[in-house]
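Just below is one structure, and these are the notes that go with it.
The values are calculated or read from the model by the stated rules, or taken from the named source; none is laboratory data. Just so it is clear, the model here is predicted, and its values are computed rather than measured. Every residue, glycine as well, gets a Cβ built from its backbone with ideal geometry; the counts of neighbours run over all protein chains shown.
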């Protein structure tokens, strides 16, 4: 599909926006500005979304976070939303880890709620019951905490680096 073309209902694409209230570009970063805007003034957000049959936009994740596993596009947000339903889960972050055969494998990192003990087998089984087979995590890590920003946002890039080192080509 060509950059800047509309997609059909239900098809995932990158969200692009434009308007008079939109910023003109990145401060002192002309190359990044040129890459982020098209000739018609649309800004490509890096967010992925799809339209439902009523024309509502559903955000499915970030383009940079998308995992490509065996040729399938996997959106971490979908897996995270499912795992968050498991009793005792406080935080969850799903990342891709490099794999020579599949491109990437899926790693789900979980911080349990205080007083709860989670079993990796339970998480895997829950995912098998609620997700397509290619979206089921290959690895589940139960962690005491996640690296967080001062505004309590999970620093996924740090988790991805740590898990990539641990599970590279596993």
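Flag not set for residue 124, criterion: in a strand (DSSP E or B) and at negative phi.
Among the listed residues 86, 111, 60, identify the single one that is farther than 30 Å from residue 6 by Cβ and touching a strand residue (DSSP E or B) at 6+ places or on another chain (Cβ under 6 Å). Even if it seems obvious, please write down each step before you answer.
Working: 86 fails: touching a strand residue (DSSP E or B) at 6+ places or on another chain (Cβ under 6 Å); 60 fails: farther than 30 Å from residue 6 by Cβ.
From the options 86, 111, 60, the qualifying one is 111.
State whether one or more residues within the range 59-69 are over 23 Å from residue 155 (Cβ atoms) and exposed (fewer than 14 other Cβ atoms within 10 Å of the Cβ). Within the range 59-69, not a single residue is over 23 Å from residue 155 (Cβ atoms) and exposed (fewer than 14 other Cβ atoms within 10 Å of the Cβ). Total residues in the range 69-86 satisfying the condition of being closer than 20 Å to residue 11 by Cα and part of a helix (DSSP H, G or I): the figure is 5. Residue by residue through the range 76-113, note down the ones that are farther than 19 Å from residue 125 by Cα and surrounded by 13 or more Cβ atoms within 10 Å (Cβ to Cβ). Those that are farther than 19 Å from residue 125 by Cα and surrounded by 13 or more Cβ atoms within 10 Å (Cβ to Cβ): 96, 97, 98, 99, 102, 103, 104.
Within the range 95-137, the residues that satisfy the criterion of being under 16 Å from the mean Cα position of the chain (by Cα) and either touching a residue at least 60 places away in the same chain (Cβ under 8 Å) or not assigned by TED's automatic domain parsing to the domain that holds residue 162 (or both) are 95, 96, 97, 98, 105, 107, 134, 135.
Applying the criterion of being in a strand (DSSP E or B) and modelled with pLDDT of 95 or more to the residues of the range 137-170, the residue that is farthest from residue 101 (Cα to Cα) is 142.
Counting the residues of the range 145-170 that are within 14 Å of residue 108 (Cα to Cα) and loosely packed, with under 10 Cβ neighbours inside 10 Å gives 1.
Across the range 13-68, the qualifying residues are those that are part of a helix (DSSP H, G or I) and in contact (Cβ under 8 Å) with a residue 24 or more places away in the chain, and the one among them that is farthest from residue 135 (Cα to Cα) is 63.
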